[in-house]
1. Could you please give the count of residues in the range 391-404 that are outside any loop (DSSP other than H, G, I, E, B) and open to solvent by less than 20 Å² (accessible area, probe 1.4 Å)?
2. Of the conditions (1) farther than 27 Å from Asp132 by Cβ; (2) in contact with an Asp or Glu (Cβ under 8 Å, 6 or more places away or on another chain), Asp55 fails just one. Which one is it?
3. So which residues in the range 72-94 are touching a Lys or Arg at 6+ places or on another chain (Cβ under 8 Å) and not in a loop (DSSP other than H, G, I, E, B)?
4. Considering each of Met138, Met129 in turn, give the residue that is at pLDDT 95 or above and surrounded by fewer than 20 Cβ atoms within 10 Å (Cβ to Cβ).
5. How many residues are out of contact with any His (no Cβ under 8 Å at 6 or more places or on another chain) and within 16 Å of the ligand (Cβ to nearest atom) if we restrict to the range 164-195?
6. (1) open to solvent by less than 50 Å² (accessible area, probe 1.4 Å); (2) at pLDDT below 95; (3) polar (S, T, N, Q): which one isn't true of Ser388, the others all being true?
7. State all residues of the range 312-346 that are within 14 Å of the ligand (Cβ to nearest atom), more than 15 Å from the chain's Cα centre (by Cα) and not basic (Lys, Arg); if no residue qualifies, say none.
8. Could you count how many residues in the range 246-277 are within 14 Å of the ligand (Cβ to nearest atom) and touching an Asp or Glu at 6+ places or on another chain (Cβ under 8 Å)?
Amino acid sequence: MVFADSSGNIMDFEGLAMVARSGDYLHPIGVEETISLPRGSQLYVLPDRYPIGLDRETGEIVILKENPYDGKGPVYAVASFLCAAHTNTYVAAWERDENACTLPLYAYTALGWWGDGFVTTAVRTDESMRQDPDTFDMGKVEEGIRIWKHDLPDNRLVTHLAHCAQGYGCPAALNLFQGREEGPLPTSPSCNARCVGCISLQTSCSFPSPQQRITFIPEPREIAEIALRHIMSVDEAVVSFGQGCEGEPLMVADVIREAIELIRSKTDKGTINLNTNASLPLKVAELARAGLDSMRISMNSARKETYNAYFRPQYEFNALTESAYEMKKLGKFVSINLFVFPGVTDAPKEAAALKDFIDSSGIDMVQWRNLNIDPDFYLEMLGQKIPSGMGIARLIEEIPVRRGYFNPYIKTR
Ligand code: SF4
C-alpha cells in the first residue's frame, strides 16, 4: 500500500498490501489487476481520510492512523487522477474522518506500489495519443493563439478558447491551437439538466466547478470560422459541440444548425460531432439532416433511477433513446460518454440496463470515462443498496461495441 505522511510525502509500506474499493466493497488488489501509473496522471493526498491496507498474515483490513516508520501522525490516504484514455477499475480506499469535507470533482483511483514504481487500477481504453501530456507543445499553442487572434480579431470564440487553453489547460483547446485532432466549439450558456457533478456550473457549496460556463451565444459565422479553419488544416479532423465550459448545446440548436449548414456549404471534410445530454430528439433530427455526423450521449447510467438522481433532468429519460434513433435513422454514428464508477456501473442491474440500452438504441461505441466526484458523496446521493459488481474490466470486455475514450473521426464521404 501507499500513504502520505503529515507533510504530504507519499511512500509505500510493504507491511500492508494494497486495498481498493468498488462501491461499498473493499478488495485486496493483486498486481495482475494494476498497470504502471500512466505518465501525466496526478497524485492526490486526501485530507481527513485514513489509508487502508491488508495484513497479509491475518487477511485483516487495517486502517493506518500513524506513520509506521516513525509512529507519528496524522497520515493520509492517497489516490491517482488518471490521465486521459485510461478508465478506472477501482476507487481508492480510505476510512473517512467525521470532520472530512467533500472532495472536489475529480475521479479518485486506487494507487499502490510494485517493484520500483506506482501502480494503479485502470485499463487503457483508447490508443489515440491526442491528450497524452508529452504530446502538447505550449510553444506551438502560444504561437497558434497569436495567429488565430491576429487572423480572427472579432471572433469572440477565439478569445474564449484562448482562455480555456491558457487558463484551464483544456486539452481540446490546446489541440485546436496546436492544429491537430479534435477542436472544441462551445456555444451554450444554459442547460436543461442540473447534474450533481456539473463541471461548468455548481450551485452547491460542497465543491466548485472546474470551469466557468460560457456567457454568450456565438454567431453561426463565429462557430463556422473556427470549425472550417480546423477542418481545412487538420487530417481526419473532428470538431465538437458540447464542451466542459458550457451548458447543453441543444439549448441553442438553431444557431448550431446554421453553423453546420455554413460549414457543409464550404466542405464535406472532417467529422462534425455533438456531445450532448440528448434531451431534445427533434432538434437532434434537424442537426442530423443539416450535416451532423456523430453524437455522443453523456450518461452515468442506463437505469432511469440512477440517471435521474445524478442528472436531475427537466426532460424524460427516454429522450436519449429517441435522439439515438433520430441519428441512426439517417445512418449517423452514435456513442455513449459513460461516466464510469466502479461498483455502480458494473453492478448487476446497471450492467444489464447498459447492454439493453446499447442494443435497443443501436449505439456504435462506448467511451469509458471516469466519473469525477467524491465517491462517498456519490454513493450517499444515490442512496441505493448496490450488490457487488462483475468488475469494470470484465464489463468493458463484455460490451460488444467499439470501445474508446475520445470522439473518433468518422469517414462518411
Ligand atoms: S448536462 Fe452538462 S452542462 Fe448540463 S448540468 Fe449536466 S454536466 Fe452540466
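The values are calculated or read from the model by the stated rules, or taken from the named source; none is laboratory data. Quantities reported herein were computed from a predicted structural model and do not represent experimental measurements. No Cβ is skipped: glycine too gets one built from the backbone with ideal geometry, and neighbour counts run over all protein chains shown. Keep in mind that these areas ignore ligands, DNA and RNA; they rest on the heavy atoms of the full protein, side chains included. Shrake-Rupley method; radii C 1.70, N 1.55, O 1.52, S 1.80 Å.
1. Start the filter on the range 391-404 by keeping residues that are outside any loop (DSSP other than H, G, I, E, B), which leaves 392-398, 402-404.
Next, from what is left, pick out any that are open to solvent by less than 20 Å² (accessible area, probe 1.4 Å): 392, 395-396, 404.
Count: 4.
2. (2)
3. Tyr76, Ala77, His86, Thr87, Val91, Ala92, Trp94
4. Details: Met129 fails: at pLDDT 95 or above.
Result: Met138 is the single residue among Met138, Met129 that is at pLDDT 95 or above and surrounded by fewer than 20 Cβ atoms within 10 Å (Cβ to Cβ).
5. So the first thing to find is which residues in the range 164-195 are out of contact with any His (no Cβ under 8 Å at 6 or more places or on another chain), and the list is 164-175, 177-178, 180-182, 184-185, 187-195.
Okay, now just the ones that are also within 16 Å of the ligand (Cβ to nearest atom), so 164, 168, 170, 172, 184-185, 187-195.
So the answer is 15.
6. (1)
7. Within the range 312-346, Pro313, Gln314, Tyr315, Phe317, Ala319, Leu320, Ser323 meet the criteria.
8. The first filter runs over the range 246-277 and keeps only residues within 14 Å of the ligand (Cβ to nearest atom), leaving 246-252, 274-277.
From the residues that got through so far, the ones that are touching an Asp or Glu at 6+ places or on another chain (Cβ under 8 Å) too are 276-277.
Adding up the residues that qualify gives 2.
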